[in-house]
Amino acid sequence: MPTEHATRLLIAIALSVLFGVYAGWHFGPAVSSFAWMGTLFLNALKMLIVPLILVAVISGITAMGDIRKLGRLGTITVVYYLSTTAIAVLIGLFVVNWIEPGAGLNITPPELPQRILDKQNIGASDILLSLVSPNLFESMANTQLLPVILFAILFAAAVSTQPQTNPPVIQFFDGANDAMMRLVTWLMYLAPFGIFALVANRLGQAGGGPAFWLEIEAVFWHMVTVISGLAIHFFVLLGILLWVGRRGLDYLRSLARALLTAFGTASSSATLPLTLECIKESGVDKRSTRFVVPLGATINMDGTALYEAAAVLFIAQAYGIELDLGAQVLVFITATLAAIGAAGIPEAGLVTMVIVLNAVGLPLEGIGLLLAVDWLLDRFRTTINVWGDAVGAAVVERFLPKDKTA
């Protein structure tokens, strides 16, 4: 996408978010008549996710030539994921201990929906089983991305070990990837309309501005805590980008469309097509981009990990339960690992919350305190998730051998 067009689209998306907030705030449920536009845009994005991941991962890995380089790429990627997720959890624990948003809170949690109660028995075995699917097409249909990524990695490894057949296969997936990115470019011209509808309708479902404000008054400081923590982590990632990735604010500007789309859709996976396009335009090595970003959109959840840690301590404070240092260390370990491992399961953020609450013996009913504002905070943490994936692509690129064809 030419720079001038990209700038115009960025402005249009930014305005669509602002207009969406205005419409949802002032007109409330009446904006539901626009909901179909948001659903159509989100469905179109989701339509591209699975084929885009499949061709991007295969194309990116085969571009390395020697499959042994995948071990180096994978190791660096995992180290980055673990490090930034752990930092995010530490920030979450710091801000919630500092602000203490749940101290003295005297409210009764609403009854939990059945979909949350159904998740209380999720364990480590379920996370491991989510990596491999007995029916890959069923996983694709349900947008379960971890099995798709694992298959793509194994398929690319198989192609790389058969030099007599891999040139036409590689050319096919390279061409398919280019075609998918062209589809993303076309779809992005509909983004302002879709994002406007998504933001306006979600705020309208909350009853509009006055009704939503009544809902958030009781947990206002929880919102301040989470957004403050996410802002701190944003700048931590920016520092990593500048220091390790050796890229400046131009990289952040090139990602602005993806970050705004992440806020509008509240989905890292749905934003993935645009994230890949923005990173491609910034000039990051395709070997890094096509491996790190699809995988990151599935398992690298910095914003979610920070939110879960802060939310668990908020619930403890609201119930008057003091978590000592040992319990908070357990929260740190559980939230870090669960944010990475549980992302392949539907309603990943919910699963993570349940796992952490069970680990420290807190009542699941406490999740009810968060339901009224979770949809809004989800948009902020999704934006940080996407930003973390983008920074990861730039960081991993620094450790790859030079490739003239990249």
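Between T39 and D250, how high is the FRET efficiency from 1/(1 + (r/R0)^6) when r is the Cβ-Cβ distance and R₀ = 35 Å? Nearest 0.05.
0.55
Quick one: Kirkwood hydrodynamic radius for the range 15-63, alpha-carbon pairs, angstrom, one decimal?
Result for the range 15-63 stands at 13.4 Å.
How would the range 159-227 be classified by its alpha-carbon gyration tensor: rounded, prolate or oblate, with rounded meaning a/c under 1.5 and the a/b versus b/c comparison settling the rest?
It comes out prolate by the Cα gyration axes.
Taking the Cα atoms only, what angle lies between the long axis of helix 145-160 and the longest principal axis of the chain, rounded to 10 degrees?
20 degrees
Tell me, what ³J(HN,Hα) does each residue in the range 79-93 have, in order and in whole Hz, if you take phi through Karplus 6.51 cos²θ - 1.76 cosθ + 1.60 with θ = phi - 60° and put x for Gly and Pro?
4, 4, 4, 4, 5, 6, 5, 4, 4, 4, 5, 4, 5, x, 5
From the residues L274, M223, A197, which one has its Cα farthest along the dipole of the range 176-299 in the positive direction, the dipole being from +1 and -1 charges on Cβ of Lys/Arg and Asp/Glu about the Cα centre?
Of L274, M223, A197, it is L274.
Grab the DSSP H runs of the chain that are 4 residues or longer, score each as -39,500 (n - 2.57), total them, divide by all residues and round the 222 nm result to the nearest 500 deg cm²/dmol.
-25000 deg cm²/dmol
Considering the chain as a Gaussian network with a 10 Å cut-off on Cα pairs, which listed residue, H26, H233, H222, attains the greatest mean-square fluctuation?
Sorting by GNM fluctuation, first place goes to H26.
How much FRET efficiency would the formula 1/(1 + (r/R0)^6) give for R182 and W221, where r is the Cβ-Cβ distance and R0 is 56 Å, rounded to 0.05?
Efficiency for this residue pair is about 0.75.
May I ask for the distance between the Cα centers of the range 251-287 and the range 185-218, given as a whole number of Å?
20 Å
Report Rg (one decimal) and Dmax (nearest whole number) for the range 181-279, counting Cα atoms only, units Å.
Rg and Dmax of the range 181-279, Cα atoms, are 16.5, 46 Å.
So what is the diffusion coefficient of the chain in µm² per second by Stokes-Einstein at 10 °C and 1.306 mPa s, using a Kirkwood Rh over Cα pairs?
73 µm²/s
Here, each number is a calculation from the coordinates, and none is a lab measurement. Here the structure is a predicted model, which is why all the values come from computation and not from measurement. Please note: Cβ atoms are built from the backbone with ideal geometry, for glycine as well, and neighbour counts cover all protein chains shown.
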